[in-house]
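In what follows, a single structure is set out as structure tokens and then discussed.
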């Protein structure tokens, strides 16, 4: 689950607060760090966004890329990006659809002892590897390239994780087994796709950029951020100007309006499902 903490105007709002907020807006943070801060932020209420719906938003972002930095993406690639977290339905519920559909399909979140819903960043490797594998398998059923992209996306994340010291020996074994399985899967899938390794690497960069941009939008961060991915060698940043998110360089042509379904938590009375909208340029 992606957490979007709901913030309310502070009682003592001063010019000092405005100045501090402006200074914060002028700084450029890591996009991943900004998402992590929002997932850890204390709150009394949250909007919850299911991972499959975040993935669908990532696919929408990819479909609306309008920049010479990225070649036009075909339907199979876009489908893969849209499904890259589909396996999280096992834990989050959620599927693209209307609010009425999602009222019954969203799952109740797991919570900690304090009652705070758990973010996707807080689940154990044994659980999220199940979601990753299911996501890859769902994508691979649609086309070889979709399966390759989602598999390589999670392979990259696993390799980065192995470069840290946060895991137990048992978890390290789980990751190594996952990498071996995905190497075999990719070897098989690449026999059925014409793209070279260099082209696939670029497409995975696009998937990972759209994934992280979607996470950033879903979590509600207002920080100006830079992304680890580059497109055609260009560094990518986004920042807010009022209700408009501007990309640097411009990635979405004259602009696009998109949205994602969210549910308010805790539930007070009837389930409250709404769409969070974004204006992006």
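A few notes on this one:
- On the beta carbon distance between residue 137 and residue 187, with R0 = 22 Å, the FRET formula returns roughly 0.90.
- For the chain, relative contact order (Cα pairs under 8 Å, six or more residues apart, normalised by length) works out to 27 percent.
- Note on the chain: with a GNM built from Cα contacts shorter than 10 Å, the maximum mean-square fluctuation among 230, 38, 141 falls on 141.
- Listed residues 208, 39, 110, most fluctuating in the chain (Gaussian network, C-alpha, under 10 Å): 110
- Förster radius 30 Å - calculated FRET efficiency between residue 244 and residue 112 (Cβ-Cβ, nearest 0.05): 0.30
- As a calculated quantity, the FRET efficiency between residue 159 and residue 268 at R0 = 45 Å, using C-beta atoms, amounts to about 0.55.
- Against the chain, whose longest principal axis is taken from its Cα atoms, helix 144-162 shows a tilt of about 70°.
- For residue 166 and residue 194, the difference between the fully extended length at 0.36 nm per residue and the C-alpha to C-alpha distance is 6.3 nm.
- Think of it as helices only: each DSSP H run of n ≥ 4 in the chain is worth -39500 (n - 2.57), and spread over all residues that comes to -15500 deg cm²/dmol at 222 nm.
- Computed from Cα positions, the angle between helix 125-142 and the longest principal axis of the chain comes to roughly 60 degrees.
- Nearest 10 degrees, 0 to 90: helix 169-190 Cα axis against the chain principal axis: 60
- Max mean-square fluctuation residue, GNM over the chain, Cα-Cα springs under 10 Å, options 135, 257, 151: 257
- A protection proxy built from the mean count of other Cβ atoms within 10 Å ranks the segments 219-228, 172-181, 61-70, most packed first, as 219-228, 61-70, 172-181.
- The stretch 157-244, relative contact order [Cα under 8 Å, separation at least 6], %: 17
- A crude spin-label estimate for the pair residue 66 and residue 201, with each label 7 Å from Cα along the Cβ direction, gives 3.1 nm.
- Extension reserve of the residue 226-residue 254 stretch, reckoned as 0.36 nm per residue once the Cα distance is removed: 8.0 nm
- Gain on full stretching of the segment that runs from residue 174 to residue 122 - 0.36 nm per residue minus C-alpha separation: 17.0 nm
Here, each number is a calculation from the coordinates, and none is a lab measurement. Values in this document were obtained by computation on a predicted structure and should not be read as measured data. Quick reminder, even Gly has a Cβ in these numbers, built from the backbone with ideal geometry, and neighbours come from all protein chains shown.
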